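Scroll down for the structure; my scribbles are underneath it.
The values are calculated or read from the model by the stated rules, or taken from the named source; none is laboratory data. Since the model is a prediction, treat every value here as computed from it, not as a measurement. As a convention, Cβ positions derive from the backbone with ideal geometry for all residues, glycine included, and neighbour counts pool all protein chains shown. For accessibility, only protein heavy atoms count, side chains too; no ligands or nucleic acids. Shrake-Rupley method; radii C 1.70, N 1.55, O 1.52, S 1.80 Å.
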Amino acid sequence: MKKTIYHPLTKKTIYPVILLTLLLLVSCKSKKNLVATLPRPVLNIDSVPKEITDTTGTITGRFTPHHSQLKDLNVSKNKKHKPKKQETVANDKHSDRVLRSTKITSSVVKLSSAYAGIDRIVNYDFTHRDVPEAFEGFRIAFISDLHYKSLFKEQGLNSLVNLLTTQKADVLLMGGDYQEGCEYVEPLFAALSRVKTPMGTYGVMGNNDYERCHDDIVNTMKHYGMRPLEHEVDTLRKDGQQIIIAGVRNPFDLARNGVSPSLALSPQDFVILLVHTPDYIEDVSVANTDLALAGHTHGGQVRIFGVAPILPSHYGNRFVTGLAYNSAKIPLIVTNGIGTSQMPIRIGAPAEIVMITLHRLTE
């Protein structure tokens, strides 16, 4: 770890430094948010063991896309930055149900220098009536935006593996933007594979991962027993009950991926939607989602008085970090992530992991 040498700064010097930092800092590399007429949904479902056959049609029926909801996905090139009024109206009853049946509390644990490269753990207790009894106390670890190797290097990666191991999560979810070079893919996932959870590791890709190394990342994840979810869903089963993890493929390309995989799921299931950018949950309908998880913003990476002057989101500071809601009142947790983009600096946006504990609402 490099030692930091502090120099006395006068007003004449500190303002130019801050200004230079803000000018140099840019958002994650992808600037495109393509919006066009939406295609028919394509959904890949987790495989069913060979010894089990769907003789009753239960599985097929559960995951058959509900085309009736596609009318809510009227995306216009000229209005892509505005919440869709028709979606909010169409989902009023669902929105009220979500608010009434959800309780979310959070706390922050600051980490010691023993975990170099990671500043804190943000803990959420997420209580919802759709959480099955078997998943009471179920622990989810969520990480995103490692950008290995940016500010986040070998020592930080070892700290992350050790920290995740101590958290004893039941499943590890990853939000993309894994690397800053294809040569780092193999050592990154080799290290992350040391994190063992009962329900495994799942991940989606970020804009960096679509710009380079995509196939390498997918193949390496599979090699280490991890599950990439690109407009796919997988089912976590415990004691005869289940929750659903749905992953979004390239959320910046709405022409191809503007139909959320959550639309084909049952509103009775507890569904977690994993997506790289938080904008997606406002850009399109994500009906049937109980909780969305995203990264991409880095928490602003540089925040002054709590405000990020530069953000890779067309909703400004609305989804910068922490708990937020889309217009349909579906809850979203946005993580600051761990690494950095463009400039190896964080100000007012601590590097973090997120831990979510599920509880069943019994009231």
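So how many residues does the stretch 245-270 have that are touching a Ser or Thr at 6+ places or on another chain (Cβ under 6 Å) and free of Cβ contacts under 8 Å to residues at least 40 places away in the same chain?
Result for the stretch 245-270: 2.
Find the residue count for the stretch 291-325, including only residues that are touching a residue at least 12 places away in the same chain (Cβ under 8 Å), assigned to a strand (DSSP E or B) and more than 16 Å from the chain's Cα centre (by Cα).
Qualifying residue count, the stretch 291-325: 2.
Test Met221 against the criterion of being aliphatic (A, V, I, L, M) and open to solvent by 10 Å² or more (accessible area, probe 1.4 Å), and give yes or no.
Considered against the rule, which asks whether it is aliphatic (A, V, I, L, M) and open to solvent by 10 Å² or more (accessible area, probe 1.4 Å), Met221 comes out as no.
If Gly206 satisfies every condition in (1) touching a Cys at 6+ places or on another chain (Cβ under 9 Å); (2) surrounded by fewer than 22 Cβ atoms within 10 Å (Cβ to Cβ) but one, which is the exception?
Condition not satisfied by Gly206: (2).
Take the residues in the stretch 122-175 that are on the phi < 0 side of the Ramachandran plot and among the acidic types (Asp, Glu), then tell me which one is surrounded by the most Cβ atoms within 10 Å (Cβ to Cβ).
The qualifying residue surrounded by the most Cβ atoms within 10 Å (Cβ to Cβ) is Asp130.
Would you confirm whether any residue within the stretch 212-235 is within 26 Å of Asn123 (Cβ to Cβ) and small (Gly, Ala, Ser)?
No, every residue in the stretch 212-235 fails to be within 26 Å of Asn123 (Cβ to Cβ) and small (Gly, Ala, Ser).
Quick one: is Asn317 buried (at least 24 other Cβ atoms within 10 Å of the Cβ) and either farther than 29 Å from Asp170 by Cα or of a type in the set (S, T, N, Q) (or both)?
For Asn317, the condition - buried (at least 24 other Cβ atoms within 10 Å of the Cβ) and either farther than 29 Å from Asp170 by Cα or of a type in the set (S, T, N, Q) (or both) - is not met.
As an exercise: evaluate Glu180 against (1) of a type outside the set (Lys, Arg); (2) within 18 Å of the chain's Cα centre (by Cα); (3) farther than 20 Å from Leu293 by Cα and give the number of the one condition it does not meet.
Failed condition: (2).
Determine, yes or no, whether Ala255 is farther than 16 Å from Val275 by Cβ and either among the hydrophobic types (A, V, I, L, M, F, W, C) or not in a helix (DSSP H, G or I) (or both).
Here the answer is yes, as Ala255 does meet what is asked.
Can you report the number of residues in the stretch 327-347 which are assigned to a loop (DSSP other than H, G, I, E, B) and either open to solvent by less than 10 Å² (accessible area, probe 1.4 Å) or free of Cβ contacts under 8 Å to residues at least 60 places away in the same chain (or both)?
9
Right, Arg237: open to solvent by 10 Å² or more (accessible area, probe 1.4 Å), part of a helix (DSSP H, G or I) and within 24 Å of Met355 (Cα to Cα) or not?
So Arg237 fails the test.
I'm checking my understanding of the structure. Among residues of the stretch 243-272 that are among the polar types (S, T, N, Q) and under 19 Å from Gly203 (Cα atoms), which one is nearest to the chain's Cα centre (by Cα)?
Asn250
Out of all the residues in the stretch 303-339, which are at pLDDT 95 or above and in contact with a Phe, Trp or Tyr (Cβ under 7 Å, 6 or more places away or on another chain)?
Scanning the stretch 303-339 gives Pro331, Leu332, Ile333, Val334, Thr335, Ile338, Gly339.
I'm trying to understand the selection: among the residues of the stretch 176-186, which are without any contact (Cβ under 8 Å) to a residue 40 or more places away in the chain, out of contact with any helix residue (DSSP H, G or I) (no Cβ under 7 Å at 6 or more places or on another chain) and open to solvent by 10 Å² or more (accessible area, probe 1.4 Å)?
Scanning the stretch 176-186 gives Glu183, Tyr184.
Please give the number of the condition Ser150 fails out of (1) of a type in the set (Ser, Thr, Tyr); (2) within 19 Å of Gly295 (Cβ to Cβ); (3) at pLDDT 95 or above.
(3)
Here are some residues: Leu254, Leu274, Leu293. Which one is of a type in the set (A, V, I, L, M, F, W, C) and farther than 22 Å from Thr340 by Cα?
On inspection, the qualifying residue turns out to be Leu254.
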